[in-house]
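Written below as structure tokens is the structure these notes are about.
The values are calculated or read from the model by the stated rules, or taken from the named source; none is laboratory data. What you see is a predicted model; the values in this text were computed from it and never measured. Cβ coordinates were reconstructed from backbone atoms using ideal geometry, including for glycine residues, and neighbour counts include every protein chain displayed. Heads up: the accessible areas ignore ligands, DNA and RNA and are worked out on the full protein's heavy atoms, side chains in. Shrake-Rupley method; radii C 1.70, N 1.55, O 1.52, S 1.80 Å.
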Amino acid sequence: MTTPDQKAGGEKAGDPRLDYQFDIYARYGLLADILVEGFGGRERCRLLDVGAGPQQLLAEFLPPGFAEITRTDVKGFDDPGLVIVRPGDALPFADGSFEAVVAMDVLEHVAPAQRTSFLLDALRVSARLLVIATPIGCPAVEEAEREFGAAFLHLFGHQDHFLAEHAAFGLPRPSEVEAALGATGAFQLAIDNVRLADWLALNVSNLFLSTVNDGDGVRRHQNRRQNVAIPAALRGTQHYRRFYIASPDEALMARLASRFDPARLQDAGTRPAQPLLVLAEHFRDYAAAYDAPFVDGMREALAAKDSHIAGLDQTLDGTREALAAKDSHIAGLDQTLDGMREALAAKDSHIAGLDQTLDGMREVLAAKDSRIAGLDQTLDGMREALAARDSHIAGLDRTLDRMRLVAICTAVLTILTWLLILV
């Protein structure tokens, strides 16, 4: 297992994995060590990450190109790369589909009645190696989770969902996990991970920092210090989590047992790095590193603000002058407007007089219209009388024409008569 000295000397200060909180770094760091030890130097191996969640932590901690990883979870998290498996269902893969199957902090979220079948199904699809990591079901760990849950509830006003499910289902007991795996005849290995006192102190500290200004920046700084200074496991102390490793390959298990022999761990009683001391050193160093640039930055920011305020004052003076000019212009407009109001009032009075004149003219025109209507009636009567006279005159003309004809005829007869007499 990687020691703090190996961490400090073997990893670059810019390694982004050091930004993860201690519990994640210790968990996935150990998992990566197990897989590299088991399959290092082989061709790209096929891995199944059960209960992977939305992050791709396994890929981040393994060497680039080391594995082809398939991820499953009971939720999709809007990630098309996740294979969704409903709780209680068998994994949708053929026997031995993967060289290794891993399930990190998943077993405690499986209903107790389904845990054995879950383990057996995970072994079924694994050709060579199964790695299960889960909190250890014992009173000390359960009490630590209650303390953390109380702090979470106090800060946020509601329970942590994952810890609530731990309490509802109960943490897996080591004897239950070992019995389920042992029934298959697979070779087993157990590796403890994260001392319980470290888990509680560092997680609570991380939780508190999530509520303060620049909390993310402080946490990243703190995480890097912790991940270098604090071992992932110690000999002779209670741990929070246990890795259970099972494989039908005896040689592989012998190699892992040698590599992760608990006798190689640092003894808890001799460890100089205590979590609270690391936290105190971190905050001291962070404050020292933060104060100087912070104060310098504040001075620069204040100078910039003073310059900005001076510019604003000049702008404000110009604005005042512009406002005074606008006020003068508005006063002139008000005077012009008053004159226009007076002119409009005079026009309104003149229009009222014109309206009265127009009303009188309308009355005269109405009287004339009435007079014209009467004359039209008289004229119509005269036209009818003239028409009657014209008809009478025409009759007299006809009578006169007849009388002239009779007179002519009479004269002619008289002349003829006299001629006859004379003859």
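The spread of Cα positions in the stretch 128-270, taken along each principal axis and listed from longest to shortest, comes to 52, 35, 28 Å.
Note on the chain: with a GNM built from Cα contacts shorter than 10 Å, the maximum mean-square fluctuation among Asp78, Asp23, Asp380 falls on Asp380. Relative to the longest principal axis of the Cα atoms of the chain, the long axis of helix 115-125 lies at roughly 90 degrees. Compute the distance from the alpha-carbon center of the stretch 171-211 to that of the stretch 366-423, in whole Å. The two parts, judged by their Cα centres, are 146 Å apart. Positive-end ranking of Leu379, Leu420, Ala407 along the dipole of the stretch 367-423, with charges on Cβ about the Cα centre, is headed by Leu420.
Axis of helix 22-39 versus longest Cα principal axis of the chain: the two differ by about 70°, to the nearest ten degrees.
Compared with the alpha-carbon gap, the fully stretched path from Asp348 to Glu43 is longer by 99.6 nm at 0.36 nm per residue.
A Cβ-based charge dipole, computed about the Cα centre of the chain with Lys and Arg at +1 and Asp and Glu at -1, lands at about 940 debye. Each helix, a run of at least 4 DSSP H residues, gives -39500 (n - 2.57); summed and divided by the residues of the chain, these come to -22000 deg cm²/dmol at 222 nm.
By how many degrees, 0 to 90 and rounded to 10, does the Cα axis of helix 250-259 deviate from the longest principal axis of the chain? It works out to around 90 degrees. Accessible area per residue for the chain, computed on protein heavy atoms with a 1.4 Å probe, is 59 Å².
Taken over the chain, the ratio of Cα radius of gyration to 2.2 N^0.38 Å equals 2.58. When the chain is treated as a GNM with alpha-carbon contacts under 10 Å, the residue of Pro80, Pro262, Pro172 showing the greatest mean-square fluctuation is Pro80.
Since only Ser126, His154, Ala180 are under comparison, the one whose Cα sits farthest along the positive direction of the charge dipole of the stretch 95-245, derived from C-beta charges on Lys, Arg, Asp and Glu, is Ser126. Within the accessible surface of the stretch 109-150, defined with a 1.4 Å probe on protein heavy atoms only, the carbon and sulfur portion equals 63 percent. Placing unit charges on the Cβ atoms of the charged side chains and taking the dipole of the stretch 294-378 about its Cα centre, the candidate lying farthest along the positive direction among Ile309, Ala367, Thr319 is Ala367.
Note on the chain: with a GNM built from Cα contacts shorter than 10 Å, the maximum mean-square fluctuation among Arg383, Arg341, Arg124 falls on Arg383. Label positions at Arg383 and Leu312, each projected 7 Å from the Cα along the C-beta direction, are separated by 9.2 nm.
From the Cα trace of the stretch 1-150, what convex hull volume per residue do you get, rounded to a whole Å³? Write out the running numbers ahead of the final one.
Details: hull volume 22.4 nm³, N = 150.
Given the Cα convex hull of the stretch 1-150, per-residue volume reads 150 Å³.
Show log10 I(q)/I(0) for the stretch 91-200 at q = 0.11 Å⁻¹, two decimals, from a solvent-free Debye sum over equal Cα scatterers. Log10 of I(q)/I(0), two decimals: -0.41.
Judged by the mean number of other Cβ atoms found within 10 Å, the most tightly packed of the peptides 190-197, 53-60, 98-105, 216-223 leads the ranking 98-105, 190-197, 216-223, 53-60. The apolar share of the surface of the stretch 346-385, taken as the fraction of accessible area on carbon and sulfur atoms (1.4 Å probe, ligands and nucleic acids excluded), comes to 60 percent.
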